[in-house]
Amino acid sequence: QVQLVESGGGLVQAGGSLRLSCAASVRTFSSYALGWFRQAPGKEREFVAAISGNGGSTNYAGSVKGRFTISRDNTKNTVYLQMNNLRPEETAVYYCAASKRFLTAYDYWGQGTQVTVSS
């Protein structure tokens, strides 16, 4: 139904920045809230950030607040995650997910993109 494809991951030094993108294949992109999650090896998947359908509301995990920014361009069916001042412990696979309502259960998930932060 909703296909999500993440991109923009890669290797970055500690303190560096990356901008992740998530492109959605869906006709009603603005009807979905979008979120970013991450999962490090051996750890549970954790919430990173979310944005409402029209971009009017955002929510961040406390650990990334002030450093990460989630945004969306509904004309391009794309949601972004700007990550600044990255830390080695934030090395993980980052996933994009879509929900029918802001801050509710996520119904669709992308394949993920690897982010590696070197020290």
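The values are calculated or read from the model by the stated rules, or taken from the named source; none is laboratory data. Since we're looking at a predicted model, the values are computed, not measured. Glycine also receives a Cβ, built like all others from the backbone with ideal geometry; neighbour counts cover every protein chain displayed. For accessibility, only protein heavy atoms count, side chains too; no ligands or nucleic acids. Shrake-Rupley method; radii C 1.70, N 1.55, O 1.52, S 1.80 Å.
Assorted remarks:
- Solvent-accessible surface of the chain, averaged per residue with a 1.4 angstrom probe and all protein chains in place: 52 square angstrom.
- Estimated FRET transfer efficiency (residue 17, residue 58; beta-carbon r; R0 22 Å; 0.05): 0.75
- Rolling a 1.4 Å probe over the protein chains gives residue 93 an accessible area of about 40 Å².
- Angstrom value of the Kirkwood radius, inverse mean 1/r, which spans all Cα pairs in the stretch 50-119: 13.3 Å
- Overall dimensions of the chain by Cα: Rg and Dmax, Å: 13.2, 41
- Dipole of the stretch 15-115, positive end: most advanced residue of 108, 88, 29 [Cβ charges, Cα centre]: 29
- Only aspartates and glutamates eight or more places from residue 65 in sequence, or on another chain, were considered; those with a Cα closer than 18 Å are 46, 89, 90.
- In the stretch 22-86, trypsin sites (Lys or Arg not before Pro) in a DSSP loop with at most 10 other beta-carbon atoms within 10 Å: 27, 43
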